[in-house]
Structures are given as structure tokens and as C-alpha cells.
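Peer 1: Take this structure, written in C-alpha cells, and hold onto it; I'll ask about it next.
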Amino acid sequence: MDCFPGKNFFRQSPFIDSRKGCFIMETTGKKNMNKYSQLKEKTAHGTKRKPICHLMFDIKNQQSIYPDNFFVDRHWHPECEILYVEKGMLELEHNLNKRVLHQGDIALIDPEDLHEVTGCSNDTIHHAILFDPLLLSTTMKDAFQEDIVDHFLERRVGFTTVLSADRLAYSLVEAQVKDLIECLSHETEYSYYKAKVMLFQLFLTFYEMKLFIPKNANLNEEQRLGIDRYKTIQMYIEEHYKEEIHLEELAALIDCSENYVGRLFKRIQHDSPIHYLIQYRIEKACELLKNTTLSVLDISLEVGFTNVSYFIRQFKEYKKTTPLRYRKSFQSSR
């Protein structure tokens, strides 16, 4: 047997944002994407005082960033996300299920759901609104808090994933999402307060129109457990990447066999957990090369490599350059 019954397979993921910046991934076209990018997004969406942000992606006018099409690799974050397709088409992979979004479609992604977004052409324009659902919570346990907000925060219900023009209440939700985009696009002294009120109205609309659905209603038990187990392993790797990590201990984390762990990573990450660990270490080394004056030897040890020659070989394989040349390329661009 691959898994052992009667165990706690999922470790609750902490809500942590440790690095500022927007959530655009560095890309050079889909075929050359870095598929090892961190699944748990470490970027900050908004601020502690104003935990909401709006991002607009106009591919045609951002050719230096997106030479072929928009692409954000599979990831998850503790915030809710609303996607609105203004023009063109996007392919959304949500909890491993793919769906094409057309112009006017609205996608709503619950906190911690795995998702990946790909532009189907280089003229796609879309908006992303990300917000911490805790901003809707109040200390007063009134009917709105208990009947709507608590059910969402406790993961008893989630968003209907995609709303298209043929869905009930689409026109009402679209108008509210457009108003939210307009509010956040023109930052004023009061835009955050207005946006927060709009989110309350949006949640009320979902409640009235019965657009909230039981959490994980679209996933079977095997899919849900697979995603939860994957998150547990992925977070463990990112927390312990400086240490020696063996397949055996990853399997022990989720009470499954080593073969199961390998198959799980192959299905979700399209590679092995060991390759994921190596690439994660390389990404951490890149941060140190850009932001510190540490030697290549010190950096290799800092990110978990015990042999500097092996580190350089792996770095060249994944980055197509040496660590020193990588550092110089950033120094010359400053």
C-alpha cells in the first residue's frame, strides 16, 4: 500500500508573506518557463493596513516582460484572488483542473488553492485583485459575520470558480468587479475604504445568489488529499532546504511510500522532489548573488550544497550561466 489509513495527512499552512513585490514570474515564453518557481507565493499583496491590491496585465504593452504570452506557474497564496478577462483568453488551471477563460469571464480563487494562469495570445488583457479575506472579519458576531464571513473563513464554503455571461447573476457580479477595479486603479485617500465596502457587497451578492459552494465540491477525495500532501512536502522543502533532505523523510511527513511521493510530484510538479529541492536552492542562491557580496563558496554552503563544484554545475544547468556571470549581469544593469 502507498498510504497508511488513520493518519493526519495535512499540516495546516501558515499565512506568511515574507517578501515584497508583485507576483509576476520572470518569463521567456511558455516553453522555457522556470517550472520550479515557488508554489507558495512569498510576495506581499497589499500591506498590513491595506491588505488588497489590483494588478493589470496588458501583454502587448509589456513585451519586455512577456515576449510570447503571459504565464504564472502553478502556485498558491493565502489571499483570495479575482481574475477578470478584459480582452483575449486565459487558460486557468485550478486545483489541477483546466478551464479556458474568455473575454468577460470572471474567475474567483479561494485562499490556498493551487492555480496556474496562461495567456492564450500576446494581446490578452486581464486584471487580478488579491485580498486577505480576514479584512472582512469583525469582532462582533452579528448575522453577516456568522452566516457569511465565518463560513468562508472556516473553509466550509468557497467561491464558484468561474462566472460567464450565461450564468445567473453574472451581470451583477461583473458590475461589482468592474467597480472594484476602477476604485483600485485610481488610488485616492479613500480608495481602500471604498474597496472594502465593495467586497462586503460582493460577498453579500454571492450569498444571496447562492454562488458559494461547499469547499472542494469539485474535487474528489483523492485529488484533495493529493493537493494537501503536496503542499505539506513543498513547504517542508522550502523551510529545510539548507539541510540534507531525503525522500524517506518526505514520505514520512505524509505517511506514504517513497514511490507515492515520486508519483505525486511527477503529477503536480512534472518532476522529482529532488530536482525541486535543487532548483529551489538555486533560486535562493540567485537572491544572494544579487543582494550580497558573499563568495560563491559561501553562497553554495548557505543554500545547502556541500560541494561548490557540484553547485556551479547545477547552477549552469538551470541558469545557463555561471554564478559569477549571473552576479555581474545584475551589477552591470544597475
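Peer 1: Please name all residue pairs, on different chains or six or more residues apart, with Cβ atoms under 8 Å, provided the first residue is in segment 44-65 and is over 17 Å from LEU199 (Cβ atoms) and the second residue is at pLDDT below 90 and basic (Lys, Arg).
Peer 2: Short answer, once both residue conditions are applied: ALA44/ARG19; ALA44/LYS20.
Peer 1: I'd like to verify a number: residues in segment 225-243 that are among the charged types (D, E, K, R) and free of Cβ contacts under 8 Å to residues at least 12 places away in the same chain, how many?
Peer 2: Here is the first cut: in segment 225-243, the residues among the charged types (D, E, K, R) are 228-229, 231, 238-239, 242-243.
After this cut, where a residue has to be free of Cβ contacts under 8 Å to residues at least 12 places away in the same chain as well, the list is 239.
Qualifying residue count, segment 225-243: 1.
Peer 1: Output the residues belonging to segment 86-115 that are of a type outside the set (A, V, I, L, M, F, W, C) and surrounded by fewer than 17 Cβ atoms within 10 Å (Cβ to Cβ).
Peer 2: First, the residues of segment 86-115 that are of a type outside the set (A, V, I, L, M, F, W, C): 86-88, 91, 93-95, 97-99, 102-105, 110-113, 115.
Hits for segment 86-115 are GLU86, LYS87, GLU91, GLU93, ASN97, LYS98, ARG99, HIS102, GLN103, GLY104.
Peer 1: If you don't mind, there's one more thing I want to ask. One residue is enough: does segment 171-185 have a residue meeting the conditions over 25 Å from the mean Cα position of the chain (by Cα) and hydrophobic (A, V, I, L, M, F, W, C)? Break it down into steps so the answer makes sense when it comes.
Peer 2: At the first step, the residues of segment 171-185 found to be over 25 Å from the mean Cα position of the chain (by Cα) are 171-172, 175.
Right, trim to hydrophobic (A, V, I, L, M, F, W, C) and you get 172, 175.
Yes: one or more hits.
For (1) touching a Phe, Trp or Tyr at 6+ places or on another chain (Cβ under 6 Å); (2) among the basic types (Lys, Arg); (3) assigned by TED's automatic domain parsing to the domain that holds LEU225, each residue gets a yes or a no:
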| residue | (1), (2), (3) |
| --- | --- |
| CYS256 | no, no, yes |
| ASN259 | no, no, yes |
| GLY262 | no, no, yes |
| ILE268 | yes, no, yes |
| ASP271 | no, no, yes |
| ASN291 | no, no, yes |
| ASP298 | no, no, yes |
| PHE311 | yes, no, yes |
| ARG325 | no, yes, yes |
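Peer 1: Given the condition within 22 Å of LEU92 (Cβ to Cβ) and in contact with a Lys or Arg (Cβ under 7 Å, 6 or more places away or on another chain), answer yes or no: does some residue in segment 191-211 qualify? Step through it out loud before you land on a result.
Peer 2: First pass over segment 191-211, keeping only residues within 22 Å of LEU92 (Cβ to Cβ): 199, 202-203, 205-206, 209, 211.
Right, trim to in contact with a Lys or Arg (Cβ under 7 Å, 6 or more places away or on another chain) and you get none.
No, the conditions are met nowhere in segment 191-211.
Peer 1: Can we say GLU258 is out of contact with any Ser or Thr (no Cβ under 7 Å at 6 or more places or on another chain), free of Cβ contacts under 8 Å to residues at least 24 places away in the same chain and surrounded by fewer than 17 Cβ atoms within 10 Å (Cβ to Cβ)? Write out each step before concluding.
Peer 2: Values: out of contact with any Ser or Thr (no Cβ under 7 Å at 6 or more places or on another chain): yes; free of Cβ contacts under 8 Å to residues at least 24 places away in the same chain: yes; surrounded by fewer than 17 Cβ atoms within 10 Å (Cβ to Cβ): yes.
Criteria met by GLU258.
Peer 1: Of THR161, THR205, which residue is among the β-branched types (Val, Ile, Thr) and out of contact with any His (no Cβ under 9 Å at 6 or more places or on another chain)?
Peer 2: Numbers: THR161 fails: out of contact with any His (no Cβ under 9 Å at 6 or more places or on another chain).
Step by step, each of THR161, THR205 is checked, and only THR205 is among the β-branched types (Val, Ile, Thr) and out of contact with any His (no Cβ under 9 Å at 6 or more places or on another chain).
Peer 1: Counting residues that are over 21 Å from GLU112 (Cβ atoms), which helices (runs of 4 or more DSSP H) fully inside segment 221-309 reach at least 2?
Peer 2: Working: elements: 221-239, 247-253, 258-268, 273-291, 296-302.
Answer list for segment 221-309: 247-253, 258-268, 273-291, 296-302.
Peer 1: THR321 - would you say it is β-branched (Val, Ile, Thr), loosely packed, with under 13 Cβ neighbours inside 10 Å and not in a helix (DSSP H, G or I)? It would help to see each step written out before you state the result.
Peer 2: Working: β-branched (Val, Ile, Thr): yes; loosely packed, with under 13 Cβ neighbours inside 10 Å: no; not in a helix (DSSP H, G or I): yes.
No, not satisfied.
Peer 1: Kindly state which strands (runs of 3 or more DSSP E) lie completely within segment 71-184 and contain at least 1 residues that are closer than 22 Å to VAL197 by Cβ.
Peer 2: On the way: elements: 71-75, 80-87, 90-94, 97-101, 106-109, 115-119, 125-131, 157-159.
Answer list for segment 71-184: 80-87, 106-109, 125-131, 157-159.
The values are calculated or read from the model by the stated rules, or taken from the named source; none is laboratory data. Note that the structure is a prediction, hence the values are computed from the model and not measured. Reconstructed Cβ throughout: ideal geometry from the backbone, glycine too, with neighbour counts over all protein chains shown.
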